[in-house]
Amino acid sequence: MGNLSIFPPRGSAFAGQVDLLYTFLLVVSAIMMVLIFGCIFIFAVKYRRRPGAPPPPQHHGSMLLEAVWSTIPFLVMLVMFVWGAKLYFDSATPPANTLDLYVTGKQWMWKVEYPGGQREINEIHVPTGTPVKVTLASEDVIHSFFIPAFRVKHDVVPGHYEIAWFQATKPGRYHLFCAEYCGADHSKMGGWVNVMSPADYEVWLSGGERGGSMVDQGAKLFSQYGCVTCHVLDAKGRCPSLRNMFGHPVQLDDGRTVMADEAYVRESILDPNAKIVKGYERNVMPVFQGQISEEGLLQLIVFVKSLSQPPEQPVPTKGPPVTAKGSPK
Ligand code: CUA
């Protein structure tokens, strides 16, 4: 067969499972096709009108036949549905201990940022054996983050975050594509995912220049934009303290409870009046819509995240402890 293959290389833990389901769909479809076209052909020949012979007797329905050819396909479809749904939910739900990456799509490039502050364009470096969670944002139009070898494809929609995750299994260099037509140079919007052994990855992480970890940069923005004057970290200020807020439920003044996740923090920065925390006032915080870049937002979110470190998600940063940060200029 040489290089001829119906599947791209398999580079993630998920790829084999996706291919198995795909093969099942293919085989079921092939069997159905052979059955249907075979029957049409055989019956057309066998029961053709012969000169001089009377028309054969007609059948008008058989309950047994109807039941059999309804039930069997239904059960086969049910298998497809349950199997597909399980795979879908697994692929949509990242596990607890992930390595976090932040990827911003922009006409026409992928900008990648690591918690440690490393940045790349159209190149991603990940280790094998660790689940990687990618938070996807777009600065302009809809893009689609597509790594065929990982069987990962996710639309990247401006205005909110999308989450994709994978666990790479084999070191190598895999294609990254944009799979949503996004303008003149859409076809050039691509890059490479470099999968390395954990040891090589550590070496890669420690090399190269950087402008401080994402937490440090977020902390800088936090004081630069004056957030720190109201969001006093360890006392009651005019705005809710952000210590231990991320990842926990938040009570709102309209009685609802929401989970403080990336999307919630993002919305609260851009449109603070959308959700008001119980016991706090409306119109206290300025609206930051259009003031902060997507990358700045991600840095702020990583900083806010670092203020509440759930035990299962240590923030991999080498910067100084964040408590010392964020004093007014
Ligand atoms: Cu971005 Cu196509």
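The values are calculated or read from the model by the stated rules, or taken from the named source; none is laboratory data. Keep in mind that what you see is a predicted model, and the values were worked out from it rather than measured. With ideal geometry, Cβ positions are generated from the backbone for all residues, glycine too; neighbour counts draw on all protein chains shown. Please note that ligands, DNA and RNA were not included when accessible areas were found on the heavy atoms of the full protein model with its side chains. Shrake-Rupley method; radii C 1.70, N 1.55, O 1.52, S 1.80 Å.
Which condition number does residue 234 fail, the rest of (1) in the same structural domain as residue 280 (by TED's automatic domain parsing); (2) within 16 Å of the ligand (Cβ to nearest atom); (3) not basic (Lys, Arg) being met?
Tallying (1) in the same structural domain as residue 280 (by TED's automatic domain parsing); (2) within 16 Å of the ligand (Cβ to nearest atom); (3) not basic (Lys, Arg), residue 234 fails exactly one: (2).
Out of (1) assigned to a helix (DSSP H, G or I); (2) touching a strand residue (DSSP E or B) at 6+ places or on another chain (Cβ under 7 Å), the odd one out for residue 164 is which?
(1)
Here are the criteria: (1) among the small types (Gly, Ala, Ser); (2) surrounded by 13 or more Cβ atoms within 10 Å (Cβ to Cβ); (3) at pLDDT 80 or above. Tell me which single one residue 319 does not satisfy.
(3)
Would you pick out the residues in the stretch 184-202 that are among the aliphatic types (A, V, I, L, M), outside any strand (DSSP E or B) and away from the ligand (no atom under 12 Å from the Cβ)?
Step one: of the stretch 184-202, the residues among the aliphatic types (A, V, I, L, M) are 184, 189, 193, 195-196, 199.
Applying the additional criterion that residues be outside any strand (DSSP E or B) yields 184, 189, 199.
Within the stretch 184-202, just 199 meets the criteria.
Any residue that is surrounded by 19 or more Cβ atoms within 10 Å (Cβ to Cβ), in a loop (DSSP other than H, G, I, E, B) and away from the ligand (no atom under 16 Å from the Cβ) - is there at least one of those in the stretch 203-225?
Scanning the stretch 203-225 turns up at least one residue that is surrounded by 19 or more Cβ atoms within 10 Å (Cβ to Cβ), in a loop (DSSP other than H, G, I, E, B) and away from the ligand (no atom under 16 Å from the Cβ).
Could you tell me which residue of the stretch 142-158 is nearest to residue 263 (Cα to Cα), considering only residues that are aromatic (Phe, Trp, Tyr) and within 14 Å of the ligand (Cβ to nearest atom)?
145
What about residue 102, is it open to solvent by less than 50 Å² (accessible area, probe 1.4 Å), under 19 Å from residue 293 (Cα atoms) and at pLDDT 90 or above?
yes
List pairs: first residue in the stretch 245-266 and over 16 Å from residue 218 (Cβ atoms) and assigned to a loop (DSSP other than H, G, I, E, B), second residue open to solvent by 50 Å² or more (accessible area, probe 1.4 Å) and aromatic (Phe, Trp, Tyr) anywhere in the structure, Cβ distance under 8 angstrom, at least six positions apart or on different chains.
Between residues of the stretch 245-266 that are over 16 Å from residue 218 (Cβ atoms) and assigned to a loop (DSSP other than H, G, I, E, B) and residues that are open to solvent by 50 Å² or more (accessible area, probe 1.4 Å) and aromatic (Phe, Trp, Tyr), the close pairs are 253/280.
Taking the stretch 193-230 as the search range and keeping residues that are of a type in the set (Phe, Trp, Tyr) and over 18 Å from residue 99 (Cβ atoms), which one is modelled with the lowest pLDDT?
For the stretch 193-230, the residue satisfying everything is 225.
Is it the case that some residue within the stretch 125-141 is open to solvent by 20 Å² or more (accessible area, probe 1.4 Å), within 15 Å of the ligand (Cβ to nearest atom), polar (S, T, N, Q) and assigned to a loop (DSSP other than H, G, I, E, B)?
There is no residue in the stretch 125-141 that is open to solvent by 20 Å² or more (accessible area, probe 1.4 Å), within 15 Å of the ligand (Cβ to nearest atom), polar (S, T, N, Q) and assigned to a loop (DSSP other than H, G, I, E, B).
Tell me which residues, restricted to the stretch 43-60, are open to solvent by less than 100 Å² (accessible area, probe 1.4 Å) and outside any loop (DSSP other than H, G, I, E, B). Can you show your working first?
Pass one, the stretch 43-60, residues open to solvent by less than 100 Å² (accessible area, probe 1.4 Å): 44-45, 52-53, 55-56.
If the condition is that a residue be open to solvent by less than 100 Å² (accessible area, probe 1.4 Å) and outside any loop (DSSP other than H, G, I, E, B), then 44, 45 are the ones that fit.
Please name all residue pairs, on different chains or six or more residues apart, with Cβ atoms under 6 Å, provided the first residue is in the stretch 172-184 and is farther than 18 Å from residue 11 by Cα and the second residue is more than 11 Å from the ligand (Cβ to nearest atom) and at pLDDT below 95.
179/153
Quick check on my filter: what residues within the stretch 123-149 are farther than 16 Å from residue 166 by Cα and free of Cβ contacts under 8 Å to residues at least 60 places away in the same chain?
Listed by number, the residues that qualify are 140, 141, 142, 143.
Yes or no: residue 103 closer than 30 Å to residue 162 by Cα, β-branched (Val, Ile, Thr) and in the same structural domain as residue 193 (by TED's automatic domain parsing)?
Working: closer than 30 Å to residue 162 by Cα: yes; β-branched (Val, Ile, Thr): yes; in the same structural domain as residue 193 (by TED's automatic domain parsing): yes.
Yes.
If you go through the stretch 159-183 one residue at a time, how many are surrounded by fewer than 14 Cβ atoms within 10 Å (Cβ to Cβ) and either within 15 Å of the ligand (Cβ to nearest atom) or assigned by TED's automatic domain parsing to the domain that holds residue 298 (or both)?
2
Return the residues of the stretch 273-290 that are without any contact (Cβ under 8 Å) to a residue 40 or more places away in the chain and touching a Phe, Trp or Tyr at 6+ places or on another chain (Cβ under 8 Å); say none if nothing qualifies.
275
Of all residues in the stretch 61-93 being in a helix (DSSP H, G or I) and small (Gly, Ala, Ser), which is surrounded by the most Cβ atoms within 10 Å (Cβ to Cβ)?
Going through the qualifying residues, I end up with 91.
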